[in-house]
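*Asks:* Have a look at this one.
Derivation of every value follows stated rules applied to the coordinates shown; laboratory data play no part. What you see is a predicted model; the values in this text were computed from it and never measured. No Cβ is skipped: glycine too gets one built from the backbone with ideal geometry, and neighbour counts run over all protein chains shown.
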Amino acid sequence: MFRGVTNLNLDAKGRVAIPARYRERLLESDAGRLIVTIGLDGCLFVYPLAVWERIEADLMSRPNMDANTRLMQRVLVGYATDVEMDSQSRILVAPSLREHAKLDKHVVLVGQGNKFELWDEALWTSKREEWLSADGFAPGLGEALASLSL
């Protein structure tokens, strides 16, 4: 499970170093191979290869007559980019993905259980403040999470 928030730097070539606490697990499970694709709310999703393959198979097995399914297939699979950690545990984020997420020098890697989210630091800070405000929670969220005990 990936958890925690880490502030990182994107170098001039568009590479970001995977934090040390995740490296061994990623090297053992997928030989450092990851998938980067467009995420939700302006971030990128970063999946270990094996996790991505299950998600991709599930998504592509769904009937594409539904417009929302087609959209998710186009965006998630269409932009999915194979990356591999280099000898310094960096991954190269494709220019099209960096442009989509408006990634600048300062980025934030957010562990989300089976994947990471990669955010532009300024956007992450803005979204975090919005989410943590009293008005940041979506209507109906209380009912959806009523049985969750934290």
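*Asks:* Show the residues, 5+ positions off or on another chain, whose built amide H is closer than 5 Å to the amide H of LEU10.
*Replies:* Hits under the 5 Å cutoff: HIS106, VAL107.
*Asks:* For the chain, modelled as a Gaussian network with Cα springs under 10 Å, which listed residue fluctuates most, GLY113, GLY42, GLY14?
*Replies:* Highest fluctuation among the options: GLY113.
*Asks:* When we measure straight from the Cα of LYS102, which aspartates and glutamates land under 19 angstrom away, once same-chain ones fewer than 8 places off are left out?
*Replies:* ASP11, ASP41, GLU117, ASP120, GLU121, GLU129, GLU130
*Asks:* Quick one: order LEU27, LEU40 by neighbouring beta-carbon count within 10 Å, fewest to most. Numbers along the way, then the final one.
*Replies:* On the way: LEU27 14, LEU40 10.
With the fewest neighbours first, LEU27, LEU40 line up as LEU40, LEU27.
*Asks:* Which number comes out as Rg/Rh for the range 65-108 once both Rg and the Kirkwood Rh are worked out on C-alpha atoms? Don't jump to the answer; show the numbers that get you there.
*Replies:* Working: Rg = 13.8 Å, Rh = 12.5 Å.
Rounded to two decimals, Rg over Rh is 1.10.
*Asks:* Taking just the alpha carbons, could you work out the radius of gyration and Dmax for the range 5-139, both in angstroms?
*Replies:* 15.3, 46
*Asks:* Same structure again: Counting only trypsin sites (Lys or Arg not before Pro) that are in a DSSP loop and have at most 12 other C-beta atoms within 10 Å, tell me the longest site-free stretch of the chain.
*Replies:* Longest stretch, sites excluded: 14-101.
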